[in-house]
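The values are calculated or read from the model by the stated rules, or taken from the named source; none is laboratory data. Since the structure is predicted, the reported quantities are computational estimates derived from the model, not experimental observations. Backbone-built Cβ (ideal geometry, glycine too); neighbour counts: all protein chains shown.
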Amino acid sequence: MPARIEPDRSHPREWVTIDDPHEERTWLFDVTFLVSPWTCIYGHGCQGVLTGPAPELEQGCCSYGAHFTGKEDARRVERVAADLGPELWQFHDQGRKKGVVVTLDDGDLGTRMVKGACIFLNRPGFAGGAGCALHKAAEARGVSHVETKPDVCWQVPLRREDATGDDGRVTSTVKEWGRQHWGDGGLDFHWWCTEAPEAFVGQQPVYVSMRAELEAMAGSVVYRQLADYLDQRTTSDPVPVPLPHPTVKATARP
């Protein structure tokens with residue numbers, strides 16, 4: 001399981017590769033992010049992704065709705081929405097009347113927008129609590145939000161990219177989602193969580209806190225290999241010093 005350093009002198013990162021035992025695929029994981037203490041701070045300092053700070057709106061990264069990865073992703077969310085009641089979902093009536101999936105200008109499917117944000121986003125003051133109704137549905141059912149939310153929503157800030165080589169072998173890269181991955185609109189974000197030191201305050205490394213997401217992306221066997229490797233790094237002698245995440249490194253400078 002060879003590890004390597006990405007050749008970026010300004011923001012070097014460590015990566016690890018794992019060969020998938022079940023298919024012609026090599027996984028490439030961003031160790032620098034996965035061992036960092038990043039955590040979602042929605043409702044606890046998240047400034048949102050508008051063009052200016054707006055923590056009071058509690059929109060998080062839901063201001064522009066979600067792009068579905070395909071019809072299967074959209075249908076799964078529709079099925080969850082069909083079972084959601086008004087006690088958990090502020091815009092329940094609008095969802096029932098108009099539906100929750102729309103065709104976007106680029107032809108992709110996305111969530112419907114209501115009053116300037118995703119139809120599933122409960123606003124501050126809602127009796128059921130602010131935040132994603134699909135996330136609340138997962139909590140109420142005692143399941144992972146991987147089962148209830150659009151793919152892009154449960155993955156963020158992890159991102160998977162697949163590339164097929166000339167020999168047919170696939171390389172799947174799992175790394176952090178940066179503002180550049182949102183296209184031109186991402187450059188207008190006033191704030192993005194993986195660039196914010198206040199989000200690197202978790203009690204566990206990302207590979208532990210986001211186990212469900214990583215297993216959904218790569219499968220339980222590959223995840224176990226990844227976790228075993230990263231666990232062993234903390235008990236080996238000598239213990240390797242991980243490369244600090246660029247955001248954490250920047251805040252540590254005098």
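In the set GLU56, GLU87, only one residue is touching a residue at least 40 places away in the same chain (Cβ under 8 Å), surrounded by fewer than 21 Cβ atoms within 10 Å (Cβ to Cβ) and part of a loop (DSSP other than H, G, I, E, B); that residue is GLU87. Checked across segment 113-133, the condition of being within 22 Å of the chain's Cα centre (by Cα), crowded, with 18+ Cβ neighbours inside 10 Å, part of a helix (DSSP H, G or I) and modelled with pLDDT of 95 or more holds for at least one residue. Against the test of being touching a helix residue (DSSP H, G or I) at 6+ places or on another chain (Cβ under 8 Å) and either modelled with pLDDT under 95 or more than 30 Å from PRO240 (Cβ to Cβ) (or both), the options ALA81, ALA54 yield a single qualifying residue, ALA81.
How about segment 138-156: which of its residues are assigned to a helix (DSSP H, G or I) and farther than 13 Å from ARG211 by Cα? Those that are assigned to a helix (DSSP H, G or I) and farther than 13 Å from ARG211 by Cα: ALA138, GLU139, ALA140, ARG141, GLU147, ASP151, VAL152, CYS153.
If GLU213 passes every condition in (1) modelled with pLDDT of 90 or more; (2) among the acidic types (Asp, Glu); (3) over 18 Å from ASP20 (Cα atoms) but one, which one does it miss? That leaves (3) as the condition not met.
Condition check ((1) β-branched (Val, Ile, Thr); (2) in contact (Cβ under 8 Å) with a residue 12 or more places away in the chain; (3) surrounded by fewer than 17 Cβ atoms within 10 Å (Cβ to Cβ)) across all residues:
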| residue | (1), (2), (3) |
| --- | --- |
| ALA137 | no, yes, no |
| SER144 | no, yes, yes |
| PRO150 | no, yes, no |
| HIS181 | no, yes, yes |
| ALA199 | no, yes, no |
| GLY202 | no, yes, yes |
| TYR207 | no, yes, no |
| LEU214 | no, yes, no |
| THR234 | yes, no, yes |
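Could you identify the single residue in TYR42, TYR64 that is farther than 21 Å from VAL201 by Cβ, part of a loop (DSSP other than H, G, I, E, B) and of a type outside the set (S, T, N, Q)? Residue meeting the stated conditions: TYR64. In segment 157-254, counting only helices (runs of 4 or more DSSP H) that sit wholly within it, the ones holding 2 or more residues that are within 29 Å of PRO53 (Cα to Cα) span 206-209, 246-252.
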